Amino acid sequence: MPFDLGPGTTAALAIALLGAAFVRGYSGFGFSAIFIAFAALLTNPLPLIPVVFSCEMLMTVFQARGIQGAVDWRRVFALLAGAAVVLPASVWFILSLGEGTVRLAVSLIVLVMSLVLLSGWTLQRTIRSPGHIGVGMVSGLCNSAGIGGLPVAAFMTAQPMEAARFRATMIVYLTGLDLITMPLLWAGGLVTWETALGVGLAFPLLGLGVWLGGRQFLAASPSTFRRFAVMLLLTLSVLGLLRAMIGI
């Protein structure tokens, strides 16, 4: 198995991958955060981040046909402009940390973003491009830990957006964000042959999860499942913090 994962850990990560892909197919975000938060409970999540980003891009290929015409390109470009400014420094910072610190940082960021989403925070006025650039910068800082979508999801959840527009915009933004981040991770030595092997093993589960999630999106309101995803993230982040602090 890649990354010296044992059979039990591999099986648990496969189940988490399928569940996270379902969330992505349903709501348009949450895949990286859910999978990385779960992986941090079992192993060092840092080598898995390039695998997760590659999976994000593959899932966009699966979903591309269903989101055409619903993407808010103005938001996407503004968010990506902000993220591109801070990503090089952000990736360098996360690569300089040890495994325990990475696990703690991932859990803390997931916890904060989950609480923001859970609070029901709302914006009372339309946010223009400078505001989206600023949120993109925050997203870029978080993306070195594999969870750059959460601050953007929190920001857009607080604005009046149709579910289909929200979902499509998140999918395209996360793809662009990962495309910017992957060369930086490669330069830092995180992208190896094991990354490709991990993506190959994940491919069937990604397709199944996205397909099931997409069917659920067409049948029900995304807001209900988005709340479920946030509660799951909140639980995983607390468990990750406990493990990091007491060394279990």
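The values are calculated or read from the model by the stated rules, or taken from the named source; none is laboratory data. This one's a predicted model, so the numbers in the text were calculated from it and none came from an experiment. A quick note on method: Cβ atoms are made from the backbone with ideal geometry, for glycine too, and the neighbour counts reach across all protein chains shown. Areas reflect the complete protein model, heavy atoms only, side chains present, ligands, DNA and RNA absent. Shrake-Rupley method; radii C 1.70, N 1.55, O 1.52, S 1.80 Å.
Scanning region 59-68 for residues that are in contact with a helix residue (DSSP H, G or I) (Cβ under 6 Å, 6 or more places away or on another chain) and open to solvent by 50 Å² or more (accessible area, probe 1.4 Å) yields one hit, PHE62.
When LEU208, LEU201 are checked against the criterion of being closer than 20 Å to GLY66 by Cα, open to solvent by 20 Å² or more (accessible area, probe 1.4 Å) and assigned to a helix (DSSP H, G or I), LEU208 stands alone in meeting it.
Using the structure shown, decide if ALA64 is touching a residue at least 24 places away in the same chain (Cβ under 8 Å) and assigned to a helix (DSSP H, G or I). In short, no.
Scanning region 191-213 for any residue that is touching a residue at least 24 places away in the same chain (Cβ under 8 Å), of a type in the set (Ser, Thr, Tyr) and within 26 Å of THR157 (Cα to Cα) turns up nothing. Within this structure, ALA12 passes the test of being closer than 23 Å to MET231 by Cα, buried (at least 16 other Cβ atoms within 10 Å of the Cβ) and without any contact (Cβ under 8 Å) to a residue 60 or more places away in the chain. Contact annotation: residue pairs with Cβ atoms under 8 Å, 6 or more positions apart or on different chains, pairing a residue in region 69-88 that is crowded, with 22+ Cβ neighbours inside 10 Å with a partner that is outside any helix (DSSP H, G or I), are ALA83/GLY148; LEU87/SER144.
Yes or no, residue by residue, for (1) among the aliphatic types (A, V, I, L, M); (2) closer than 23 Å to SER90 by Cβ:
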position	(1), (2)
GLY148	no, yes
VAL152	yes, yes
THR169	no, yes
LEU197	yes, no
LEU208	yes, no
ALA229	yes, no
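What residue, among those in region 121-150 that are under 11 Å from LEU87 (Cα atoms) and assigned to a helix (DSSP H, G or I), is most open to solvent (accessible area, probe 1.4 Å)? Among residues in region 121-150 that are under 11 Å from LEU87 (Cα atoms) and assigned to a helix (DSSP H, G or I), the one most open to solvent (accessible area, probe 1.4 Å) is LEU141. Among the residues of region 164-183, those identified as open to solvent by 40 Å² or more (accessible area, probe 1.4 Å) and farther than 20 Å from ILE133 by Cα are ALA164, PRO183.
Exactly one residue among ALA81, ALA21 is touching a Phe, Trp or Tyr at 6+ places or on another chain (Cβ under 8 Å), assigned to a helix (DSSP H, G or I) and small (Gly, Ala, Ser), and that residue is ALA21.
The set of residues in region 211-240 being open to solvent by 30 Å² or more (accessible area, probe 1.4 Å) and among the hydroxyl-bearing types (Ser, Thr, Tyr) consists of SER221, SER223, THR224, THR235.
The residues listed here are VAL102, VAL112; of these, the one that is of a type outside the set (Asp, Glu), under 27 Å from LEU184 (Cα atoms) and at pLDDT 80 or above is VAL112.
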